[in-house]
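The values are calculated or read from the model by the stated rules, or taken from the named source; none is laboratory data. All values derive from a computational prediction rather than experimental measurement. Note that we place each Cβ from the backbone using ideal geometry, even for glycine, and neighbour counts take in every protein chain shown.
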Amino acid sequence: MEYSLVPSSNYQQPNVHNAVGHLSLGSLHAILPQATGRYDVPKRVRRQNITVEPGMFASSRDDSPTYLPPSWSFTVHPEGKPYFYSEGQVSVVTECNIHQTAVAESIAAWTAHVGKQATDQEINLTDSMEIYLQLEGDDCNYYIADHATQTVFWLTSDESDDLGLSPVVSRSHMKQQLQAQYWAHVENFCNHRRIDPSVLEELIQIFSHGLADNLTSSLSTFPYDSAATEKFLNLLTASRTRIHEGYTVAFVARLWGLIMYNRFETHYGQEQARLSRDAAIFVEENNEVQWTKIPASIITFKTSETLNCRFNSLFVDQFVYANDWSAFIKSSIADWQQSTIASAALIMFHIFCFVLPVSPALAYLSAMLASLSILTSMFLIHRHENLVNATAASAQDFLLSVISPKFKFQSIALAFSLPRAFFLQAMIVFFSQLIVIVRQFVTFLAAAFFVAIICCIFLAVHIATSSEELRPIYSSLFKLLSPKEKPTESAV
(Lines give C-alpha, C1' and ligand atoms only; values in the text may rest on other atoms or scores of the structure.)
Protein backbone atom coordinates (compact mmCIF):
# COMPACT_ATOMS: atom_id res chain seq x y z
CA MET A 1 0.00 0.00 0.00
CA GLU A 2 1.54 3.30 -1.09
CA TYR A 3 0.30 6.86 -1.36
CA SER A 4 2.03 9.80 -2.96
CA LEU A 5 0.12 12.83 -1.81
CA VAL A 6 0.28 16.56 -2.44
CA PRO A 7 -0.65 19.31 0.01
CA SER A 8 -3.96 21.11 -0.17
CA SER A 9 -4.77 24.69 0.73
CA ASN A 10 -5.92 23.45 4.15
CA TYR A 11 -2.54 21.95 4.99
CA GLN A 12 -0.24 24.18 7.02
CA GLN A 13 3.18 23.94 5.42
CA PRO A 14 6.09 23.47 7.83
CA ASN A 15 8.52 26.30 7.33
CA VAL A 16 11.94 24.71 7.12
CA HIS A 17 13.90 27.91 7.64
CA ASN A 18 11.61 28.88 10.50
CA ALA A 19 11.98 25.39 11.97
CA VAL A 20 15.74 25.56 11.92
CA GLY A 21 15.76 29.01 13.35
CA HIS A 22 13.15 28.74 16.07
CA LEU A 23 12.63 25.07 16.94
CA SER A 24 14.56 23.91 19.95
CA LEU A 25 16.82 21.20 18.54
CA GLY A 26 18.54 18.89 20.99
CA SER A 27 21.38 16.52 20.12
CA LEU A 28 21.90 14.44 17.01
CA HIS A 29 22.79 10.83 17.87
CA ALA A 30 24.24 8.15 15.61
CA ILE A 31 22.25 4.91 15.66
CA LEU A 32 22.42 1.51 13.95
CA PRO A 33 19.59 0.35 11.67
CA GLN A 34 19.23 -2.74 13.87
CA ALA A 35 19.04 -0.64 17.04
CA THR A 36 16.09 1.61 16.20
CA GLY A 37 13.66 -0.35 18.36
CA ARG A 38 11.44 -0.99 15.37
CA TYR A 39 9.73 -3.96 17.00
CA ASP A 40 9.19 -2.22 20.33
CA VAL A 41 5.69 -1.02 21.26
CA PRO A 42 6.09 2.62 22.44
CA LYS A 43 2.47 2.93 23.55
CA ARG A 44 -0.62 0.78 23.70
CA VAL A 45 -4.02 1.55 22.18
CA ARG A 46 -7.59 0.86 23.18
CA ARG A 47 -10.27 -0.10 20.67
CA GLN A 48 -13.59 1.71 20.74
CA ASN A 49 -16.88 1.79 18.89
CA ILE A 50 -17.51 4.42 16.20
CA THR A 51 -20.45 5.44 14.01
CA VAL A 52 -20.59 3.68 10.64
CA GLU A 53 -21.64 6.45 8.26
CA PRO A 54 -23.86 5.89 5.21
CA GLY A 55 -21.77 4.85 2.22
CA MET A 56 -18.62 4.66 4.31
CA PHE A 57 -15.63 3.82 2.08
CA ALA A 58 -17.89 3.54 -1.01
CA SER A 59 -16.00 3.99 -4.26
CA SER A 60 -18.47 6.66 -5.38
CA ARG A 61 -17.61 8.89 -2.40
CA ASP A 62 -14.70 11.28 -2.41
CA ASP A 63 -12.96 10.70 0.91
CA SER A 64 -10.27 13.30 1.06
CA PRO A 65 -7.09 11.74 2.44
CA THR A 66 -4.83 13.28 5.00
CA TYR A 67 -2.32 15.42 3.15
CA LEU A 68 1.44 15.37 3.56
CA PRO A 69 4.17 17.98 3.15
CA PRO A 70 5.61 18.48 -0.34
CA SER A 71 7.67 15.58 -1.78
CA TRP A 72 6.62 13.27 1.05
CA SER A 73 4.83 9.95 0.54
CA PHE A 74 3.28 7.37 2.81
CA THR A 75 3.52 3.57 2.55
CA VAL A 76 3.00 0.48 4.69
CA HIS A 77 5.70 -2.13 5.19
CA PRO A 78 4.68 -5.74 4.36
CA GLU A 79 4.82 -6.47 8.11
CA GLY A 80 2.23 -3.75 8.67
CA LYS A 81 4.21 -0.79 10.01
CA PRO A 82 3.70 2.53 8.17
CA TYR A 83 6.58 4.79 7.24
CA PHE A 84 7.14 8.02 5.32
CA TYR A 85 9.72 8.85 2.71
CA SER A 86 10.82 11.88 0.76
CA GLU A 87 12.59 11.55 -2.57
CA GLY A 88 13.59 15.16 -3.03
CA GLN A 89 17.13 16.49 -3.41
CA VAL A 90 17.98 14.64 -0.19
CA SER A 91 16.13 11.36 0.36
CA VAL A 92 14.75 10.92 3.86
CA VAL A 93 12.85 8.09 5.56
CA THR A 94 11.17 8.10 8.95
CA GLU A 95 8.61 6.17 10.95
CA CYS A 96 7.51 9.31 12.79
CA ASN A 97 3.99 10.41 11.97
CA ILE A 98 4.51 13.52 9.84
CA HIS A 99 0.77 13.89 9.39
CA GLN A 100 1.20 15.95 12.54
CA THR A 101 2.42 19.45 11.71
CA ALA A 102 4.79 19.66 14.68
CA VAL A 103 6.42 16.36 13.77
CA ALA A 104 6.74 17.41 10.13
CA GLU A 105 8.45 20.65 11.18
CA SER A 106 10.86 18.78 13.42
CA ILE A 107 11.74 16.32 10.65
CA ALA A 108 12.28 19.23 8.24
CA ALA A 109 14.51 20.99 10.78
CA TRP A 110 16.61 17.88 11.46
CA THR A 111 16.88 17.19 7.72
CA ALA A 112 18.32 20.65 7.19
CA HIS A 113 20.59 20.17 10.21
CA VAL A 114 21.99 16.89 8.87
CA GLY A 115 22.48 18.46 5.45
CA LYS A 116 24.40 21.38 6.97
CA GLN A 117 26.57 19.03 9.05
CA ALA A 118 27.33 16.99 5.92
CA THR A 119 28.38 20.17 4.14
CA ASP A 120 30.62 21.11 7.06
CA GLN A 121 32.25 17.66 6.85
CA GLU A 122 32.63 18.08 3.06
CA ILE A 123 30.46 15.02 2.45
CA ASN A 124 28.31 15.24 -0.66
CA LEU A 125 24.87 13.69 -0.09
CA THR A 126 24.01 12.21 -3.47
CA ASP A 127 20.73 10.79 -4.74
CA SER A 128 21.99 7.27 -3.92
CA MET A 129 21.98 8.15 -0.22
CA GLU A 130 19.12 8.15 2.21
CA ILE A 131 18.84 9.76 5.66
CA TYR A 132 16.98 7.94 8.41
CA LEU A 133 15.55 10.17 11.16
CA GLN A 134 13.96 9.13 14.44
CA LEU A 135 12.67 11.80 16.81
CA GLU A 136 13.25 11.22 20.51
CA GLY A 137 11.98 14.26 22.38
CA ASP A 138 14.11 17.23 21.38
CA ASP A 139 16.87 14.87 20.21
CA CYS A 140 17.10 12.93 16.98
CA ASN A 141 18.67 9.58 16.04
CA TYR A 142 20.00 9.19 12.54
CA TYR A 143 22.13 7.25 10.08
CA ILE A 144 22.74 7.58 6.36
CA ALA A 145 22.38 4.59 4.04
CA ASP A 146 24.36 4.59 0.81
CA HIS A 147 22.70 2.41 -1.83
CA ALA A 148 25.72 2.69 -4.13
CA THR A 149 28.18 1.11 -1.70
CA GLN A 150 25.55 -0.83 0.29
CA THR A 151 26.76 0.53 3.61
CA VAL A 152 25.66 2.99 6.28
CA PHE A 153 27.68 5.89 7.68
CA TRP A 154 27.50 8.87 10.02
CA LEU A 155 28.83 12.42 10.09
CA THR A 156 30.94 12.26 13.25
CA SER A 157 33.89 10.19 14.42
CA ASP A 158 32.82 7.57 16.95
CA GLU A 159 34.37 4.46 18.43
CA SER A 160 32.86 1.26 17.07
CA ASP A 161 31.85 0.02 20.53
CA ASP A 162 30.06 3.32 21.22
CA LEU A 163 27.97 2.72 18.11
CA GLY A 164 27.22 -0.87 19.16
CA LEU A 165 29.46 -2.42 16.52
CA SER A 166 31.65 -5.47 17.13
CA PRO A 167 35.48 -5.37 17.01
CA VAL A 168 37.06 -5.99 13.61
CA VAL A 169 40.43 -6.97 12.14
CA SER A 170 40.50 -4.59 9.14
CA ARG A 171 38.63 -1.82 7.33
CA SER A 172 37.17 -4.34 4.88
CA HIS A 173 35.95 -6.38 7.86
CA MET A 174 34.20 -3.28 9.21
CA LYS A 175 32.59 -2.73 5.81
CA GLN A 176 31.01 -6.20 6.01
CA GLN A 177 29.50 -5.31 9.36
CA LEU A 178 28.14 -2.04 7.98
CA GLN A 179 26.75 -3.88 4.96
CA ALA A 180 24.79 -6.14 7.30
CA GLN A 181 23.35 -2.97 8.84
CA TYR A 182 22.58 -1.59 5.38
CA TRP A 183 20.48 -4.60 4.48
CA ALA A 184 18.58 -4.19 7.75
CA HIS A 185 17.71 -0.67 6.52
CA VAL A 186 16.56 -1.98 3.13
CA GLU A 187 14.43 -4.61 4.84
CA ASN A 188 12.78 -2.01 7.09
CA PHE A 189 12.10 0.42 4.21
CA CYS A 190 11.50 -1.87 1.26
CA ASN A 191 8.56 -0.33 -0.61
CA HIS A 192 9.92 2.82 -2.20
CA ARG A 193 13.28 1.68 -3.61
CA ARG A 194 13.94 -1.11 -6.04
CA ILE A 195 16.94 -3.41 -5.98
CA ASP A 196 18.84 -4.52 -9.04
CA PRO A 197 18.07 -8.04 -10.35
CA SER A 198 21.79 -8.85 -10.12
CA VAL A 199 21.47 -8.62 -6.33
CA LEU A 200 18.94 -11.46 -6.37
CA GLU A 201 20.99 -13.51 -8.83
CA GLU A 202 24.08 -13.26 -6.63
CA LEU A 203 22.04 -14.34 -3.61
CA ILE A 204 20.77 -17.37 -5.56
CA GLN A 205 24.37 -18.29 -6.36
CA ILE A 206 25.33 -17.95 -2.70
CA PHE A 207 22.53 -20.25 -1.56
CA SER A 208 23.30 -22.73 -4.36
CA HIS A 209 26.89 -22.95 -3.21
CA GLY A 210 25.75 -23.18 0.40
CA LEU A 211 23.48 -26.12 -0.45
CA ALA A 212 26.29 -27.95 -2.25
CA ASP A 213 28.67 -27.21 0.62
CA ASN A 214 26.22 -28.63 3.16
CA LEU A 215 25.62 -31.75 1.09
CA THR A 216 29.33 -32.48 0.77
CA SER A 217 30.60 -31.39 4.19
CA SER A 218 29.39 -31.72 7.77
CA LEU A 219 31.44 -28.68 8.85
CA SER A 220 30.20 -26.11 6.34
CA THR A 221 30.19 -22.53 7.60
CA PHE A 222 26.95 -21.75 5.75
CA PRO A 223 24.38 -20.59 8.33
CA TYR A 224 21.53 -22.93 7.26
CA ASP A 225 21.22 -26.69 6.94
CA SER A 226 20.43 -28.41 3.65
CA ALA A 227 16.65 -28.54 4.15
CA ALA A 228 16.31 -24.83 4.98
CA THR A 229 18.78 -23.83 2.26
CA GLU A 230 16.80 -25.72 -0.38
CA LYS A 231 13.57 -24.01 0.71
CA PHE A 232 15.18 -20.58 0.54
CA LEU A 233 16.69 -21.39 -2.85
CA ASN A 234 13.30 -22.37 -4.27
CA LEU A 235 11.76 -19.20 -2.85
CA LEU A 236 14.47 -16.98 -4.32
CA THR A 237 14.32 -18.65 -7.72
CA ALA A 238 10.55 -18.19 -7.87
CA SER A 239 10.91 -14.49 -7.00
CA ARG A 240 12.89 -13.49 -10.09
CA THR A 241 9.83 -11.99 -11.76
CA ARG A 242 8.79 -10.10 -8.61
CA ILE A 243 12.09 -8.50 -7.68
CA HIS A 244 10.64 -4.97 -7.74
CA GLU A 245 7.83 -5.69 -5.27
CA GLY A 246 8.21 -4.58 -1.68
CA TYR A 247 7.38 -8.04 -0.32
CA THR A 248 10.23 -9.58 -2.31
CA VAL A 249 12.64 -6.78 -1.48
CA ALA A 250 11.96 -7.30 2.25
CA PHE A 251 12.90 -10.97 2.45
CA VAL A 252 15.75 -10.66 -0.06
CA ALA A 253 17.22 -7.89 2.11
CA ARG A 254 16.75 -10.00 5.24
CA LEU A 255 18.59 -12.95 3.69
CA TRP A 256 21.37 -10.65 2.49
CA GLY A 257 21.70 -9.27 6.01
CA LEU A 258 22.07 -12.79 7.42
CA ILE A 259 24.64 -13.68 4.77
CA MET A 260 26.67 -10.53 5.49
CA TYR A 261 26.54 -11.17 9.23
CA ASN A 262 27.72 -14.75 8.66
CA ARG A 263 30.52 -13.47 6.42
CA PHE A 264 31.52 -11.03 9.12
CA GLU A 265 31.67 -13.79 11.75
CA THR A 266 33.60 -16.19 9.50
CA HIS A 267 36.02 -13.42 8.38
CA TYR A 268 35.05 -13.87 4.75
CA GLY A 269 37.77 -12.39 2.52
CA GLN A 270 40.12 -11.78 5.45
CA GLU A 271 43.60 -13.25 5.84
CA GLN A 272 42.43 -15.68 8.53
CA ALA A 273 39.05 -16.82 7.21
CA ARG A 274 37.15 -19.57 9.02
CA LEU A 275 36.65 -22.33 6.46
CA SER A 276 35.35 -24.95 8.87
CA ARG A 277 32.93 -24.73 11.78
CA ASP A 278 35.38 -26.31 14.18
CA ALA A 279 38.28 -24.00 13.22
CA ALA A 280 39.17 -21.41 15.88
CA ILE A 281 40.76 -18.25 14.49
CA PHE A 282 40.75 -15.97 17.55
CA VAL A 283 43.64 -15.54 19.94
CA GLU A 284 42.60 -17.06 23.26
CA GLU A 285 44.40 -17.58 26.54
CA ASN A 286 43.79 -21.11 27.77
CA ASN A 287 43.35 -20.75 31.53
CA GLU A 288 41.01 -23.71 31.88
CA VAL A 289 41.53 -25.86 34.96
CA GLN A 290 42.40 -29.36 33.75
CA TRP A 291 42.66 -31.58 36.84
CA THR A 292 38.88 -31.53 37.43
CA LYS A 293 38.25 -33.32 34.14
CA ILE A 294 39.67 -36.65 35.35
CA PRO A 295 37.40 -37.25 38.37
CA ALA A 296 34.36 -35.97 36.44
CA SER A 297 35.16 -38.34 33.60
CA ILE A 298 35.58 -41.29 35.98
CA ILE A 299 32.33 -40.86 37.90
CA THR A 300 30.34 -40.28 34.70
CA PHE A 301 32.05 -43.04 32.66
CA LYS A 302 33.54 -40.48 30.23
CA THR A 303 30.11 -39.01 29.44
CA SER A 304 31.04 -35.56 30.79
CA GLU A 305 34.29 -35.61 28.82
CA THR A 306 32.40 -36.32 25.60
CA LEU A 307 29.86 -33.59 26.31
CA ASN A 308 32.57 -31.10 27.24
CA CYS A 309 34.22 -31.66 23.86
CA ARG A 310 30.84 -31.28 22.18
CA PHE A 311 30.15 -27.96 23.91
CA ASN A 312 33.55 -26.64 22.88
CA SER A 313 32.99 -27.67 19.25
CA LEU A 314 29.57 -26.00 19.27
CA PHE A 315 30.90 -22.69 20.55
CA VAL A 316 34.11 -22.14 18.61
CA ASP A 317 35.20 -18.51 19.05
CA GLN A 318 31.92 -17.93 20.90
CA PHE A 319 29.94 -18.40 17.69
CA VAL A 320 27.17 -20.99 17.42
CA TYR A 321 25.08 -22.30 14.53
CA ALA A 322 21.36 -22.64 15.23
CA ASN A 323 20.97 -25.97 13.41
CA ASP A 324 23.92 -27.53 15.27
CA TRP A 325 22.58 -26.31 18.59
CA SER A 326 19.07 -27.59 17.85
CA ALA A 327 20.41 -31.03 16.91
CA PHE A 328 22.52 -31.16 20.07
CA ILE A 329 19.65 -30.22 22.40
CA LYS A 330 17.30 -32.69 20.69
CA SER A 331 19.89 -35.44 21.10
CA SER A 332 20.43 -34.51 24.76
CA ILE A 333 16.71 -34.53 25.54
CA ALA A 334 16.31 -37.89 23.79
CA ASP A 335 19.18 -39.29 25.88
CA TRP A 336 17.61 -37.98 29.10
CA GLN A 337 14.29 -39.54 28.13
CA GLN A 338 15.97 -42.88 27.50
CA SER A 339 17.70 -42.67 30.88
CA THR A 340 14.33 -42.00 32.50
CA ILE A 341 12.68 -45.03 30.88
CA ALA A 342 15.63 -47.32 31.61
CA SER A 343 15.86 -46.14 35.23
CA ALA A 344 12.13 -46.67 35.76
CA ALA A 345 12.44 -50.21 34.37
CA LEU A 346 15.41 -50.86 36.65
CA ILE A 347 13.40 -49.75 39.69
CA MET A 348 10.67 -52.19 38.71
CA PHE A 349 13.24 -55.02 38.63
CA HIS A 350 13.88 -54.33 42.30
CA ILE A 351 10.74 -56.36 43.05
CA PHE A 352 12.93 -59.47 42.80
CA CYS A 353 14.89 -58.21 45.79
CA PHE A 354 11.98 -59.31 47.97
CA VAL A 355 12.33 -62.99 46.97
CA LEU A 356 16.07 -63.35 46.39
CA PRO A 357 18.84 -63.42 49.00
CA VAL A 358 20.27 -59.98 48.18
CA SER A 359 21.94 -57.24 50.16
CA PRO A 360 19.34 -54.67 51.30
CA ALA A 361 21.99 -51.93 51.35
CA LEU A 362 22.88 -52.53 47.69
CA ALA A 363 19.18 -52.64 46.77
CA TYR A 364 18.53 -49.33 48.47
CA LEU A 365 21.60 -47.78 46.83
CA SER A 366 20.74 -48.93 43.28
CA ALA A 367 17.11 -47.76 43.67
CA MET A 368 18.29 -44.39 44.95
CA LEU A 369 20.71 -43.94 42.03
CA ALA A 370 17.99 -44.86 39.52
CA SER A 371 15.63 -42.37 41.16
CA LEU A 372 18.30 -39.67 40.93
CA SER A 373 18.64 -40.45 37.24
CA ILE A 374 14.90 -39.90 36.75
CA LEU A 375 14.86 -36.70 38.82
CA THR A 376 17.85 -35.13 37.07
CA SER A 377 16.44 -36.13 33.67
CA MET A 378 13.11 -34.47 34.40
CA PHE A 379 14.79 -31.34 35.70
CA LEU A 380 17.10 -31.02 32.69
CA ILE A 381 14.28 -31.62 30.21
CA HIS A 382 12.09 -29.03 31.93
CA ARG A 383 14.95 -26.55 32.02
CA HIS A 384 16.12 -26.88 28.42
CA GLU A 385 13.19 -28.03 26.27
CA ASN A 386 12.50 -24.40 25.29
CA LEU A 387 15.96 -24.26 23.68
CA VAL A 388 15.16 -26.89 21.04
CA ASN A 389 14.01 -24.29 18.51
CA ALA A 390 16.21 -21.48 19.81
CA THR A 391 17.74 -19.01 17.39
CA ALA A 392 21.48 -18.65 17.10
CA ALA A 393 21.31 -15.50 19.23
CA SER A 394 19.36 -17.28 21.99
CA ALA A 395 21.74 -20.23 21.91
CA GLN A 396 24.69 -17.86 22.11
CA ASP A 397 23.17 -16.07 25.10
CA PHE A 398 22.64 -19.40 26.88
CA LEU A 399 26.18 -20.62 26.21
CA LEU A 400 27.65 -17.31 27.37
CA SER A 401 25.64 -17.61 30.58
CA VAL A 402 26.92 -21.11 31.41
CA ILE A 403 30.56 -20.87 30.32
CA SER A 404 33.05 -20.34 33.14
CA PRO A 405 36.34 -18.42 32.90
CA LYS A 406 38.15 -21.17 34.85
CA PHE A 407 36.26 -24.34 33.97
CA LYS A 408 34.68 -23.37 30.64
CA PHE A 409 31.97 -25.97 29.92
CA GLN A 410 33.01 -28.57 32.48
CA SER A 411 30.18 -27.72 34.88
CA ILE A 412 27.37 -27.78 32.31
CA ALA A 413 28.85 -30.93 30.74
CA LEU A 414 28.82 -32.62 34.14
CA ALA A 415 25.20 -31.56 34.72
CA PHE A 416 24.13 -32.85 31.29
CA SER A 417 25.84 -36.21 31.96
CA LEU A 418 24.25 -36.88 35.38
CA PRO A 419 21.13 -38.81 34.21
CA ARG A 420 23.16 -41.37 32.27
CA ALA A 421 25.87 -41.51 34.95
CA PHE A 422 23.34 -42.18 37.71
CA PHE A 423 21.69 -44.87 35.59
CA LEU A 424 24.98 -46.63 34.84
CA GLN A 425 25.96 -46.49 38.50
CA ALA A 426 22.56 -47.93 39.44
CA MET A 427 23.06 -50.74 36.92
CA ILE A 428 26.47 -51.62 38.35
CA VAL A 429 25.20 -51.67 41.93
CA PHE A 430 22.07 -53.63 40.97
CA PHE A 431 23.92 -56.37 39.08
CA SER A 432 26.57 -56.56 41.78
CA GLN A 433 23.81 -58.35 43.66
CA LEU A 434 24.70 -61.38 41.50
CA ILE A 435 27.88 -61.75 43.52
CA VAL A 436 25.85 -61.81 46.73
CA ILE A 437 23.42 -64.36 45.27
CA VAL A 438 26.14 -66.63 43.88
CA ARG A 439 28.03 -66.42 47.16
CA GLN A 440 25.02 -67.95 48.91
CA PHE A 441 25.30 -71.19 46.91
CA VAL A 442 28.98 -71.67 46.05
CA THR A 443 32.34 -71.20 47.68
CA PHE A 444 34.19 -67.91 47.77
CA LEU A 445 36.70 -69.08 45.13
CA ALA A 446 33.88 -70.05 42.77
CA ALA A 447 32.20 -66.68 43.26
CA ALA A 448 35.50 -64.90 42.63
CA PHE A 449 36.01 -66.97 39.48
CA PHE A 450 32.49 -66.01 38.33
CA VAL A 451 33.22 -62.30 38.87
CA ALA A 452 36.54 -62.62 37.05
CA ILE A 453 34.80 -64.09 34.01
CA ILE A 454 32.30 -61.21 33.94
CA CYS A 455 35.12 -58.64 34.23
CA CYS A 456 37.02 -60.30 31.38
CA ILE A 457 33.95 -60.14 29.17
CA PHE A 458 33.49 -56.44 29.86
CA LEU A 459 37.20 -55.80 29.30
CA ALA A 460 37.11 -57.61 25.97
CA VAL A 461 34.14 -55.55 24.83
CA HIS A 462 35.86 -52.36 25.98
CA ILE A 463 39.04 -53.20 24.08
CA ALA A 464 37.10 -54.11 20.93
CA THR A 465 35.26 -50.78 20.98
CA SER A 466 38.22 -48.63 22.05
CA SER A 467 39.99 -46.21 19.75
CA GLU A 468 43.13 -47.16 17.89
CA GLU A 469 45.15 -44.95 20.26
CA LEU A 470 44.19 -47.08 23.30
CA ARG A 471 44.80 -50.50 21.79
CA PRO A 472 48.64 -50.33 21.96
CA ILE A 473 48.28 -49.53 25.68
CA TYR A 474 46.23 -52.69 26.26
CA SER A 475 48.63 -54.74 24.12
CA SER A 476 51.58 -53.55 26.20
CA LEU A 477 49.66 -54.35 29.39
CA PHE A 478 48.94 -57.93 28.24
CA LYS A 479 52.60 -58.43 27.32
CA LEU A 480 53.65 -57.44 30.82
CA LEU A 481 51.10 -59.78 32.42
CA SER A 482 51.80 -62.76 30.14
CA PRO A 483 54.63 -65.19 31.18
CA LYS A 484 57.91 -64.70 29.40
CA GLU A 485 59.26 -67.55 27.33
CA LYS A 486 62.59 -69.03 28.41
CA PRO A 487 65.35 -68.60 25.85
CA THR A 488 66.35 -71.87 24.20
CA GLU A 489 69.95 -73.06 24.51
CA SER A 490 71.95 -72.84 21.35
CA ALA A 491 73.33 -76.05 19.91
CA VAL A 492 77.02 -76.64 20.38
Exercise. Out of (1) in a helix (DSSP H, G or I); (2) touching a residue at least 60 places away in the same chain (Cβ under 8 Å); (3) closer than 28 Å to F407 by Cα, what's the single condition that is false for V320?
Worked result: (1)
For this session: Could you identify the single residue in A367, A342 that is in contact with a His (Cβ under 7 Å, 6 or more places away or on another chain), farther than 24 Å from S276 by Cβ and crowded, with 17+ Cβ neighbours inside 10 Å?
Result: A367
Seminar exercise, completed: Among the residues of the stretch 241-292, the number that are in a loop (DSSP other than H, G, I, E, B), of a type in the set (F, W, Y) and surrounded by 19 or more Cβ atoms within 10 Å (Cβ to Cβ) is 0
For this session: Select from the stretch 141-170 the residues that are among the β-branched types (V, I, T), over 26 Å from the mean Cα position of the chain (by Cα) and surrounded by fewer than 19 Cβ atoms within 10 Å (Cβ to Cβ) and list them in ascending order.
Result: T149, T156
For this session: Return yes or no: is A334 surrounded by fewer than 19 Cβ atoms within 10 Å (Cβ to Cβ), assigned to a helix (DSSP H, G or I), at pLDDT below 95 and not acidic (D, E)?
Result: no
Seminar exercise, completed: The one condition T300 fails out of (1) without any contact (Cβ under 8 Å) to a residue 24 or more places away in the chain; (2) within 20 Å of L365 (Cβ to Cβ) is (1)
Seminar exercise, completed: Among residues of the stretch 255-295 being acidic (D, E) and out of contact with any Leu (no Cβ under 9 Å at 6 or more places or on another chain), the residue farthest from S404 (Cα to Cα) is E271
For this session: Among what's in the stretch 392-417 and is of a type in the set (G, A, S) and touching a helix residue (DSSP H, G or I) at 6+ places or on another chain (Cβ under 8 Å), pick the residue that is surrounded by the fewest Cβ atoms within 10 Å (Cβ to Cβ).
Result: S404
Problem set entry | Subset of the stretch 447-472 that is surrounded by 11 or more Cβ atoms within 10 Å (Cβ to Cβ) and part of a loop (DSSP other than H, G, I, E, B) - its residue that is modelled with the lowest pLDDT | L470
For this session: For residues that are of a type in the set (S, T, N, Q) and touching a residue at least 40 places away in the same chain (Cβ under 8 Å), scanning just the stretch 352-374, find the one that is farthest from F416 (Cα to Cα).
Result: S359
For this session: Take A112 and decide whether it is without any contact (Cβ under 8 Å) to a residue 12 or more places away in the chain, surrounded by fewer than 21 Cβ atoms within 10 Å (Cβ to Cβ) and in the same structural domain as D146 (by TED's automatic domain parsing).
Result: no
Exercise. Which number in (1) free of Cβ contacts under 8 Å to residues at least 24 places away in the same chain; (2) more than 22 Å from L434 (Cβ to Cβ) marks the one condition that S377 misses?
Worked result: (1)
